[in-house]
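Visitor: Shown below is the structure under consideration.
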Amino acid sequence: MVKSERILNEFLELVQVDSVSGKERDMADLLKRKLSEIGLEVSEDNAGREVGSDTGNIIGKLPGKSGAPVLLLSAHMDTVEPGSGVKPVVDGELVRSSGDTVLGADDKAGIAAILEVLRLVREQNIEHGGLEVVFTIWEEGGLFGSKNLDYSQLAATAGFVLDSDGPPGTIVTRAPWQDHIGATITGRSAHAGINPEQGINAIMVASQAIAGMKVGRIDEETTSNIGIISGGQATNIVPDSVTIQGEARSLVHAKLTAQTSHMCETLQKAAGKFGAKAKIVVDRQYDGFRLDEQSLPVRLALSAAKNLGLTASLKNTGGGSDANIYNSKGIPAVVLGIGMSKVHTTEEFINLADLSGNARYLLEIVRATQALP
């Protein structure tokens, strides 16, 4: 039986520990202590050194006694800004932020559910084939923790990442590929009031390129965006350089390739038209994934939802998560909805019922491994 008061108190404790991306040390130390007290073997990898965080990913292992599959349970420790000095407010059936910070349910509601399930497994001697827990660093803005995780420490054959909106029973089975597109347009400087015709305005070139791009919602499976543009020194100088940063995403790899190519070609064409140069760098941020109903994590999630009388919902997402990286590393993983709402805003909240429901659902997933043929 999930202990609702315990999970609420733990969630309130977690969100009050500052852990913005790159500064997760206090959270990591707290979670290492909690995992050890529950009885897991706990370690910390070197991911922090690779990405500039003050801590590595936290890995916990609880060996199983049955022949059931080993499961990976994962959530990220970091939060977006403004995420320091969080003061949670219990308001009727909701927990919300006080209004000047995020709440941090993304993703500390996921962490709280995992900790509660681990305690229940130990307290009730629930059989399982082995549980591996990963609390990652710096998920927000780059999935840096999972990208630099020491996968040699893991043996899981199915993963569950607690990091999506939607109520318990929400199962994200498909997520996109993403490319980051960075470009530097180089023109030629000149005095804007005396001899502007001798210059090549890099900002104008960039604006022409962006105006010719397909951006926003391309189709039901593909999006793109130009998010950052910077350049220029003064209003009386024709700017000779400007940088642009954008992205493209798609649930279909071929469509991503086409969209990224279109954006790069548009930049090159505009540069050539005005005699400027365009240096473009494309970085693959992560690969997409698609799991069918016969894959192990989906089967377990569907079975658990049925056992609890939940309405299971298989969903696509336009966002990336640690599950993208786990799948690319050979661990089939779905993302579970945990009821968090208005994330990345100061209006973030979560229902008390979902805090308990998340743990109840995850515990049933663990139990479902024992019924596999």
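Visitor: Put +1 on the Cβ of every Lys and Arg and -1 on every Asp and Glu Cβ in the chain; which of 264, 331, 17 then has its Cα farthest towards the positive end of the dipole?
Guide: 264
Visitor: May I ask for the net charge around residue 356, where only other residues with Cβ less than 13 Å from the Cβ of residue 356 are counted and Lys, Arg are +1 while Asp, Glu are -1? Walk me through the numbers on the way to the answer.
Guide: On the way: positive: 3, 6, 360; negative: 5, 10, 93, 116, 354, 364.
Taking every Cβ under 13 Å from that of residue 356, the sum is -3.
Visitor: Another question, if that's okay. Using only Cα atoms, locate the centre of segment 118-149 and the centre of segment 243-297, then give the distance between them in Å, rounded to an integer.
Guide: So the separation of the two Cα centres works out to 31 Å.
Visitor: With contacts defined as alpha carbon pairs under 8 Å and 6 or more residues apart, what's the relative contact order of the chain in percent?
Guide: 24 percent
Visitor: Using R₀ = 45 Å, calculate the FRET efficiency as 1/(1 + (r/R₀)^6) where r is the Cβ-Cβ separation of residue 265 and residue 294; round to 0.05. Don't skip to the answer; put the middle values down first.
Guide: Working: r = 40 Å, r/R0 = 0.88.
Computed FRET efficiency for residue 265 and residue 294 comes out at 0.70.
Visitor: By DSSP, what percent of the beta bridges with both residues in the chain are antiparallel, rounded to the nearest 5?
Guide: 75 percent
Visitor: Pop out the ³J(HN,Hα) list for segment 48-57 in order, Karplus 6.51 cos²θ - 1.76 cosθ + 1.60 with θ = phi - 60°, rounded to Hz; leave Gly and Pro as x.
Guide: Coupling constants for segment 48-57: x, 5, 6, 10, x, 8, 8, 8, x, 5 Hz.
Visitor: Then there's this: So how exposed is residue 280, as accessible area in Å² (1.4 Å probe, rounded to 10)?
Guide: Approximately 40 Å² for this residue.
Visitor: Separate question: Just read off the accessible area of residue 184 with the full protein assembly in place, 1.4 Å probe, to the nearest 10 Å².
Guide: That residue has around 50 Å² of solvent-accessible surface.
Visitor: Here is a follow-up. Sort 8-16, 316-324 for me by packing, meaning the mean count of neighbouring Cβ atoms within 10 Å per residue, highest on top.
Guide: Highest to lowest by the protection proxy: 316-324, 8-16.
Visitor: Could you check the simple spin-label distance between residue 315 and residue 207, using points 7 Å along Cα→Cβ, in nm with one decimal?
Guide: The two pseudo-label positions are separated by 3.9 nm.
Visitor: Determine ³J(HN,Hα), in whole Hz, for all residues of segment 359-369 in sequence, where each value follows from phi through the Karplus function 6.51 cos²θ - 1.76 cosθ + 1.60 and θ = phi - 60°; x replaces Gly and Pro.
Guide: 5, 4, 5, 5, 4, 5, 5, 4, 4, 5, 5
Visitor: Can you give me the relative contact order of segment 19-146 as a percent, contacts being Cα pairs under 8 Å and 6 or more apart?
Guide: 34 percent
Visitor: Tell me, what % of the accessible area of the chain is carbon and sulfur with a 1.4 angstrom probe?
Guide: Values: 7700 of 15840 Å².
That fraction is 49 percent.
Visitor: On a C-alpha basis, how far is the centre of segment 95-116 from the centre of segment 22-48 in Å? Whole number, if you could?
Guide: Value for the Cα centre distance between the two parts: 18 Å.
Visitor: Based on the mean of other Cβ atoms within 10 Å per residue, sort peptides 30-40, 327-337 so the most packed one is first.
Guide: Values: 30-40: 17.3, 327-337: 21.8.
So the peptides 30-40, 327-337, ranked by packing, come out 327-337, 30-40.
Visitor: Would you please give the residues with an amide H less than 5 Å from that of residue 79, counting only those at least 5 places away or on a separate chain, with H modeled from the backbone geometry?
Guide: The list, which skips near neighbours in sequence, is 19, 20, 21.
Visitor: For Cα extents along the principal axes in Å, one of (1) 63, 58, 36; (2) 81, 43, 38; (3) 102, 44, 35 was computed from the structure I shared and the rest are decoys. Which label?
Guide: Evaluating Cα extents along the principal axes in Å on these atoms matches (2).
Visitor: OK, next. Distance from a point 7 Å along Cα→Cβ of residue 43 to each backbone N in segment 50-85: keep the residues under 18 Å and list them by number.
Guide: Correct set: 50, 55-64, 70-74.
Visitor: Between residue 65 and residue 233, what is the FRET efficiency for a Förster distance of 56 Å, r being their Cβ-Cβ separation, to the nearest 0.05?
Guide: Between residue 65 and residue 233 the formula returns 0.25.
Visitor: Just grab the label-to-label distance for residue 345 and residue 273, each label 7 Å out from Cα along the Cβ direction, in nm (one decimal).
Guide: 3.7 nm
Visitor: For the peptides 342-350, 225-233, what is the packing order when you average, over each peptide's residues, the other Cβ atoms within 10 Å and list the highest mean first? List each step's numbers first, then the result.
Guide: Numbers: 342-350: 18.0, 225-233: 13.4.
Ranked by mean Cβ neighbours within 10 Å, highest first: 342-350, 225-233.
Visitor: For a Förster distance of 56 Å, can you work out the FRET efficiency between the beta-carbons of residue 153 and residue 191, rounded to the nearest 0.05?
Guide: After rounding to 0.05, the efficiency reads 0.40.
Visitor: Report the relative contact order of segment 227-373, percent, no decimals, based on alpha-carbon pairs under 8 angstrom and at least 6 residues apart.
Guide: Values: 105 pairs, mean separation 25.2, N = 147.
Over segment 227-373, the number comes to 17 percent.
Visitor: Skip the ligands, DNA and RNA, and give the accessible area per residue of the chain with a 1.4 Å probe, whole Å².
Guide: Result: 42 Å² per residue.
Visitor: Let me ask another. Could you go through segment 68-83 in sequence order and give the Karplus-derived ³J(HN,Hα) for each residue, using 6.51 cos²θ - 1.76 cosθ + 1.60 with θ = phi - 60°, rounded to whole Hz, and x for Gly and Pro?
Guide: 5, x, 7, 9, 9, 10, 9, 8, 9, 7, 8, 10, 7, 7, x, x
The values are calculated or read from the model by the stated rules, or taken from the named source; none is laboratory data. Keep in mind that what you see is a predicted model, and the values were worked out from it rather than measured. Neighbour counts are summed over all protein chains in view; Cβ atoms, including those assigned to glycine, are modelled from backbone coordinates with ideal geometry. Just the protein is used for accessible areas: all its heavy atoms, side chains included, with ligands, DNA and RNA removed. Shrake-Rupley method; radii C 1.70, N 1.55, O 1.52, S 1.80 Å.
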